[in-house]
Amino acid sequence: MVKRSDQCSRVFFRKVATRRASKRVFQIMDEEGRTHTSKEDVVNEFVSFYRRLLGERRREFIDLRYLRPWVRHVITQEEASALIQPVSREKIKLAFFDIEEDKAPGPDGYSSGFYKAAWPIIGEEITMRSWNFSLQAFVEASEHYVTSTHTEVLDKLVSPSQNAFVPGRSIGDNILLAQELLTGYNQQRLPKRCVLKDGGFSYHWKCEGIGLFQLCFADDLLLFCKADIPSVTVFKRGLEEFAKLSGLRANPQKSQMILSRSAFGMRESLLNILGFPEGHLPLRYLGLPLLSSRLTISDCQPLLIKIDSRIKGWEGIQLSFAGRLQLIKSVLLALNIYWAMAFILPKGVIKEVEKRLRGFLWKGHSNEGYPKVAWNLVCRPIEEGGQGIRDLHALNRALMSRHLWNVIIGSSTSIWVTWIVHHSLRDKSI
């Protein structure tokens with residue numbers, strides 16, 4: 001969102017209207033070929049489809065004593081009392097004011113900036129609605145309050161391998177660790193191992209030291225084990241037992257088994273046990289490619305394509321220089337940060353990205369014009385005469401150095417740091 005200078009109000013309102021229109025479902029066709037157009041029928045068909053896809057609710061009663069051996073932590077009476085403390089006015093207000101003003105708005109179309117500015121008028125009504133409404137709805141409105149208030153309890157309850165929605169844990173840890181575990185999968189000499197996406201159990205040879213067999217981020221799951229029949233059979237029984245107790249089943253169409261080259265001789269037997277199709281690297285995981293070797297320019301094509309599509313989406317819109325500059329800072333550079341956080345980007349990729357940013361800044365969508373100032377000067381801070389665009393090479397090094405710093409300080413919330421210290425450093429300091 002453009003905050004100063006050229007605000008491009010018509011541009012952004014047009015984008016919002018177009019996006020809302022494209023996201024609406026006016027009609028839907030069921031499995032029998034019948035078309036439904038009423039709002040109620042469309043909703044019912046969606047519910048029926050996902051009910052068939054995911055299964056019904058669990059039908060068996062869960063004996064908590066059965067689950068006790070696998071529970072990471074049982075909350076104490078004091079912790080339980082803290083979790084059900086009534087929500088005060090101050091905490092409700094803090095929840096809304098902790099949300100950044102430029103975050104995406106909710107279903108009502110209003111951003112947190114609106115609620116902050118209008119709080120003297122609507123604050124009392126919002127507070128009363130939060131009290132009268134369910135806690136779950138309030139959590140959906142601002143989960144930041146719940147996680148910040150109960151961080152200590154959540155950290156005890158949630159497994160270190162689950163990195164979503166827990167303060168101090170990062171999606172980057174999943175990507176970095178998955179990348180480490182898959183390195184060398186195309187080599188014949190390394191031990192047999194397998195990865196599954198979505199009693200005789202043997203760990204993946206890189207995971208046994210810290211007892212790791214899964215990586216989770218929300219509902220995205222990676223399972224790691226030795227590529228042998230007993231280990232994969234244990235996973236199969238576990239998935240079936242989970243489905244029986246929860247009603248949630250793994251979708252074979254969205255699940256894959258990835259085998260190292262040394263396990264290809266057992267391929268058919270292992271695939272038959274699970275019923276999942278075989279997957280191959282590179283594999284897309286949490287929006288980034290998982291590789292068995294070093295990142296190349298061809299692996300970064302999805303990033304370049306996404307930048308091109310964003311720029312192309314602004315064709316036909318008369319943007320000023322200030323407007324293009326703000327879009328580069330707010331949108332195009334943000335696409336690169338996620339990649340720069342997980343990989344050391346090849347110099348060729350950085351040059352291709354900068355080429356696109358430079359062309360969009362000076363030319364827009366026309367072929368006319370030329371750079372008026374060298375790119376390294378444009379990337380200087382505004383206080384030094386530049387335009388405040390971040391230098392991608394420096395940004396990439398800074399983000400990589402942050403991971404190194406986490407290893408140096410021994411971050412206790414990072415499962416990747418735990419693995420690096422145990423597996424690579426042999427429990428020694430850097």
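The values are calculated or read from the model by the stated rules, or taken from the named source; none is laboratory data. Given the structure is predicted, the values throughout are model-derived calculations rather than measurements. Note: ideal-geometry Cβ built from the backbone for every residue, glycine included; neighbour counts use all protein chains shown. Side chains are part of the model used for accessible areas, which takes the heavy atoms of the whole protein and leaves out ligands, DNA and RNA. Shrake-Rupley method; radii C 1.70, N 1.55, O 1.52, S 1.80 Å.
Using the structure shown, select from K206/K329; K91/K254; K23/K116 the pairs with a Cα to Cα distance greater than 31 angstrom.
Over 31 Å apart, Cα to Cα: K206/K329; K91/K254.
What is the packing order of peptides 275-285, 363-373, taking the mean over residues of other C-beta atoms within 10 Å and listing the highest first?
275-285, 363-373
Suppose R0 equals 41 Å; then what is the FRET efficiency for Q27 and R129 from their Cβ-Cβ distance, rounded to the nearest 0.05? Please list the in-between numbers first.
On the way: r = 34 Å, r/R0 = 0.82.
Plugging the Cβ-Cβ distance into 1/(1 + (r/R0)^6) gives 0.75.
For a quick check of understanding: with a 1.4 angstrom probe and all protein chains in place, what accessible area in square angstrom does K312 have, to the nearest ten?
So the heavy atoms of K312 present about 130 Å² to solvent.
For K355, list the aspartates and glutamates whose Cα falls under 20 Å from its own Cα; do not include residues on the same chain fewer than 8 positions away.
In chain and number order, the partners are D299, D308, E315, E368, D391.
Which aspartates and glutamates, on any chain, are close to K39 with Cα under 15 Å apart, when same-chain ones fewer than 8 places away are left out?
D30
Would you mind computing, in nm to one decimal, how far apart the modelled labels at S330 and R52 are, each placed 7 Å from Cα along Cα→Cβ?
4.3
Given a Förster distance of 56 Å, report the FRET efficiency between I382 and A82 from their Cβ-Cβ distance, rounded to the nearest 0.05. Intermediate values should be presented prior to the final figure.
Working: r = 45 Å, r/R0 = 0.81.
Efficiency for this residue pair is about 0.80.
Roughly how many Å² of S22 are accessible to a 1.4 Å probe, to the nearest 10?
80
In terms of the ratio Rg/(2.2 N^0.38 Å) built on C-alpha atoms, what value belongs to the range 305-430? Display every interim value, and only then the final one.
Values: Rg = 18.4 Å, N = 126, 2.2 N^0.38 = 13.8 Å.
Cα-based Rg divided by the globular estimate yields 1.33.
Could you sort I382, I415 by accessible area so the largest value comes first, with the probe set to 1.4 Å?
Numbers: I382 110, I415 15 Å².
Largest accessible area first, the residues go I382, I415.
May I ask you to compute the full-extension gain from S429 to L271, defined as 0.36 nm times their residue separation minus their alpha-carbon distance, rounded to one decimal in nm? Don't skip to the answer; put the middle values down first.
Numbers: separation 158, 0.36 × 158 = 56.88 nm, distance 4.08 nm.
This chain segment gains 52.8 nm when fully extended.
Over the range 284-357, calculate the relative contact order: mean separation of alpha carbon pairs under 8 Å at least 6 apart, over the residue count, as a percent. The partial results should precede the final answer.
Working: 25 pairs, mean separation 38.2, N = 74.
The normalised contact order for the range 284-357 reaches 52 percent.
Calculated FRET efficiency, K355 and T37, Cβ-Cβ r, R0 45 Å, to nearest 0.05?
0.45
For V158, V353, V74, what's the largest-to-smallest order of accessible area, 1.4 Å probe?
Working: V158 35, V353 0, V74 80 Å².
Largest accessible area first, the residues go V74, V158, V353.
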